[in-house]
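Input: a single structure, listed below in structure tokens.
The values are calculated or read from the model by the stated rules, or taken from the named source; none is laboratory data. In this text the structure is predicted, and so the values were computed from the model without any measurement. Heads up, the Cβs are rebuilt from the backbone with ideal geometry, glycines too, and the neighbour counts pull from every protein chain shown.
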Amino acid sequence: MKIGHRLKIIRVLRKIEPIVMAEKLSISESTYRRYERNESEPTLSILYKIAEVFEIKIADLLDDEMNISLPCLLVGKKT
């Protein structure tokens, strides 16, 4: 699974709008949406910010298997 798909899944589960994510990351909404559509890749610094917003480890964002538990995605606890 590509990073954009993981971003969208987590964001939707957390009930966060794309515009809110973009504001938290200090980027435009269109840039954030490009990340979710896999049209562009976030920089490492943006990935760290995304992990911080989602309250998960950056490794969980990068894990192709997405071995992160559903409860963790819903409540934002770092495993």
TODO: Determine if segment 43-62 includes at least one residue that is modelled with pLDDT under 85, exposed (fewer than 14 other Cβ atoms within 10 Å of the Cβ) and touching a helix residue (DSSP H, G or I) at 6+ places or on another chain (Cβ under 9 Å).
DONE: yes
Task: Candidate set: segment 1-33, residues that are in a loop (DSSP other than H, G, I, E, B) and under 19 Å from A59 (Cβ atoms); chosen: the one modelled with the lowest pLDDT - done: M1
Open item on the list: Being in contact with a Phe, Trp or Tyr (Cβ under 9 Å, 6 or more places away or on another chain) and in a helix (DSSP H, G or I) is the filter here; which residues of segment 34-62 pass it?
Closed with: I46, I50, I58, D60, L61
